[in-house]
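**Q** The following block contains the structure, expressed as structure tokens.
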Amino acid sequence: MKIKNPILKGFHPDPSIIRVNDTYYIASSTFEWWPGVRIHESKDLVNWHLLTCPLSEKRLLDMTGDPDSGGIWAPDLSYHNGTFYLVYTDAKVTNGAFKDCVNYLTTAKDICGPWSDPVTLNTAGFDASLFHDDDGRKYLVNQYWDPRPYHHPFYGVMCTEFSEEKGTLVGEPRVIYKGTEDRLTEGPHLYKINGWYYLFVAQGGTGYAHQARAARAKSLSDTFETQPGGPLLTTLDAPYHSFQKAGHGCLVQTPEGEWYFAHLMARPLHHDTESILEPKGWCPLGRETGIQKLFWDEDGWPHIAGGHNGLVDVEAPLGAVEHKWEPDHPEKDDFDKDTLNIHFQSLRTPLAGDVCSLTDRPGHLRLYGHFSLASTYTQAHIARRWQSFYFEAEVKMAYEPKSFQQFAGLTCYYSTRSWSCIEMTWHETYGRVIDVVSTDLDRTESVYEEHPVPVPADAAYVYFKVKVQGIRYQYFYSFDGKTWTAVPKVFDSAKLSDEYLTAAYGVAFTGAFVGMMSVDGLGTKIPADFDYFCYRECAE
């Protein structure tokens, strides 16, 4: 039996992996998407199932106004003495000299909750994780941010003791590791193995120069020594490897005593001609999660089995029995249940009944129009990740706009600055019409401009579809769900990638989503009713 990378497809970066008895769990970053943090489970490290999204109440997380690629950065999941511990960063400022962020801790006896009211830990940096020492003491390690313009902003890794009794950090923080000349030291995870304290960190930034490094010390008061011989894991020197950006990760041990390293990775696509901005390719699926087998040499240093570039096909654990899960979502969602399927998310906050309802029109998802797709506040926007380079998504929608400030439809979305949608809206001459609108680095355009497609007066529903085919995608519409008309523009998937937004704005960490939205610039909150949403992966 083989593990096929990536194990978590689509936007699932910064994995934090643990094992509790016979079950493995991975927590991953969600950034501005709500609810915060996604936890997958597995019995064999081969097959994974989306189990829960723990930060699902405003008492645990409020991302109102958080910037694009703000919100939840690099959660840390741990387990000790019958309790699950979840540490997470909420990043409020992402660009510039400052990183205003808050690190929180919440706990639960069951992985599915309920989770305790969060404890504020510190605001000194991001990517915080909790280490449980074998003497019962606990320590928080996090990236330590330096805002001074004459210093490198990634100062090092800070370590501070945490008192569970007091529910707060105690004592003075100490910088235990500054990293190597590759800098950008972040994502720390601390372990104690065979009498050594091992620190695993990410370096080199989250792009193509990304890497994972290991360091160790005999005590937390000693200076940590970097593992000789270069990065533990990187694909910087392997430009033709099928995955790239390998780095940020952490350890887990199997019941048989084997070790694995779950890590960040991404799969690039390429245009037919060389790109000026990013010759290494574009990753619209975002940063994903992979896993590698790890062994220890005679000197006690870790190594990736198969070499520091990592493998696509990885040996499964000894004695592992394959465990396949039932599908965790329907291919076609008819919105007949009282809750959304777990793959759907909204932006920044939960959507209350005056924004989103599954009961106001039974058998439909109703979205009451709110702010535009450029807003960092309430968007009536429900979406799910692109998890394949080849798929189709389709909706059936009823809608009665009365103004050009009202529109609803099917979206492909990266951020407030880069998205597209096929929508129904209103036109002074034609009444209800279909238009296709996109925003490319804050510049918004219409495909049809002054000549949108009229909607027949007797059409109770319209049907929208998007076909994603690697580096390109295209919208279609229908009035009967059988005969489809292609929109006369093919969109570039690269414009929904970290690489494209990073080149323009410097910070971009998520991935492409496909979903449903309703906008009402008049503030009257007219509803759009979606009868179904279908997501179907296709062959190339």
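**Q** Please state which one of D133, D127, D117 is modelled with pLDDT of 95 or more, within 30 Å of K280 (Cα to Cα) and of a type in the set (D, E).
**A** D127
**Q** Going through the range 346-371 one residue at a time, which ones are within 20 Å of Q406 (Cβ to Cβ), outside any strand (DSSP E or B) and under 22 Å from the mean Cα position of the chain (by Cα)?
**A** Result: L351, single match.
**Q** OK, next. Kindly list the number of the only condition in (1) surrounded by 23 or more Cβ atoms within 10 Å (Cβ to Cβ); (2) over 27 Å from the mean Cα position of the chain (by Cα) that fails for E400.
**A** (1)
**Q** Separate question: Report yes if some residue within the range 230-238 is aliphatic (A, V, I, L, M), closer than 29 Å to S78 by Cβ, part of a strand (DSSP E or B) and touching a Gly at 6+ places or on another chain (Cβ under 8 Å); otherwise report no.
**A** Yes, because at least one residue in the range 230-238 is aliphatic (A, V, I, L, M), closer than 29 Å to S78 by Cβ, part of a strand (DSSP E or B) and touching a Gly at 6+ places or on another chain (Cβ under 8 Å).
Matching residues to (1) in a loop (DSSP other than H, G, I, E, B); (2) acidic (D, E):
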{"residue": "G307", "(1), (2)": "yes, no"}
{"residue": "V314", "(1), (2)": "no, no"}
{"residue": "P317", "(1), (2)": "yes, no"}
{"residue": "K324", "(1), (2)": "yes, no"}
{"residue": "D328", "(1), (2)": "yes, yes"}
{"residue": "L340", "(1), (2)": "yes, no"}
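**Q** Of the residues in the range 184-197, how many are assigned to a strand (DSSP E or B) and more than 20 Å from the chain's Cα centre (by Cα)?
**A** The number of residues fulfilling the criteria is 6.
**Q** Evaluate the range 335-346: report whether one residue or more is on the phi > 0 side of the Ramachandran plot, without any contact (Cβ under 8 Å) to a residue 24 or more places away in the chain and surrounded by fewer than 21 Cβ atoms within 10 Å (Cβ to Cβ).
**A** Looking for residues that are on the phi > 0 side of the Ramachandran plot, without any contact (Cβ under 8 Å) to a residue 24 or more places away in the chain and surrounded by fewer than 21 Cβ atoms within 10 Å (Cβ to Cβ), one finds none in the range 335-346, hence no.
**Q** Where residues in the range 184-209 are polar (S, T, N, Q) and closer than 17 Å to Y144 by Cβ, which of them is surrounded by the fewest Cβ atoms within 10 Å (Cβ to Cβ)?
**A** Q203
**Q** Somewhere in the range 356-364, is a residue at positive phi and at pLDDT 95 or above?
**A** Yes, because at least one residue in the range 356-364 is at positive phi and at pLDDT 95 or above.
**Q** Buried (at least 24 other Cβ atoms within 10 Å of the Cβ) and either farther than 27 Å from A320 by Cα or among the β-branched types (V, I, T) (or both): is that true of I39 in this structure?
**A** The answer is no for I39.
**Q** Which of the following residues is farther than 17 Å from H210 by Cα and outside the structural domain of G230 (by TED's automatic domain parsing): P284, P302, P327?
**A** P327
**Q** Against the definition (among the charged types (D, E, K, R) and either within 26 Å of C538 (Cβ to Cβ) or under 20 Å from the mean Cα position of the chain (by Cα) (or both)), how does E392 come out, yes or no?
**A** Judged against the criteria, E392 is a match.
Residue-by-condition table, conditions (1) out of contact with any Leu (no Cβ under 9 Å at 6 or more places or on another chain); (2) surrounded by 19 or more Cβ atoms within 10 Å (Cβ to Cβ); (3) part of a strand (DSSP E or B):
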position: D14; (1), (2), (3): no, yes, no
position: R19; (1), (2), (3): yes, no, yes
position: I26; (1), (2), (3): no, yes, yes
position: V46; (1), (2), (3): yes, yes, no
position: K58; (1), (2), (3): yes, no, no
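**Q** For G310, are the conditions met, namely being touching a His at 6+ places or on another chain (Cβ under 8 Å), in the same structural domain as G230 (by TED's automatic domain parsing) and at pLDDT below 95?
**A** Here the answer is no, as G310 does not meet what is asked.
Every residue, every condition in (1) touching a residue at least 60 places away in the same chain (Cβ under 8 Å); (2) assigned by TED's automatic domain parsing to the domain that holds D66; (3) more than 23 Å from Q379 (Cα to Cα), yes or no:
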| site | (1), (2), (3) |
| --- | --- |
| E449 | no, no, yes |
| F479 | no, no, yes |
| V490 | no, no, yes |
| E499 | yes, no, yes |
| T502 | yes, no, yes |
| A512 | yes, no, no |
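**Q** For the range 214-230, does any single residue satisfy the condition of being closer than 29 Å to R472 by Cβ and either of a type in the set (G, A, S) or assigned by TED's automatic domain parsing to the domain that holds S16 (or both)?
**A** No, there is no match, as no residue in the range 214-230 is closer than 29 Å to R472 by Cβ and either of a type in the set (G, A, S) or assigned by TED's automatic domain parsing to the domain that holds S16 (or both).
**Q** Right, next: Is one or more of the residues making up the range 486-496 at pLDDT 95 or above and farther than 20 Å from V437 by Cβ?
**A** Within the range 486-496, not a single residue is at pLDDT 95 or above and farther than 20 Å from V437 by Cβ.
**Q** Can you name every residue in the range 109-146 that is in contact with a Leu (Cβ under 7 Å, 6 or more places away or on another chain), free of Cβ contacts under 8 Å to residues at least 60 places away in the same chain and within 18 Å of E165 (Cα to Cα)?
**A** Listed by number, the residues that qualify are P118, V119, L121, N122, L130, K138, L140.
The values are calculated or read from the model by the stated rules, or taken from the named source; none is laboratory data. Everything quoted here is computed from the prediction, not taken from an experiment. Using ideal geometry, Cβ is built from the backbone for each residue, glycine included, and neighbour counts are taken over all protein chains shown.
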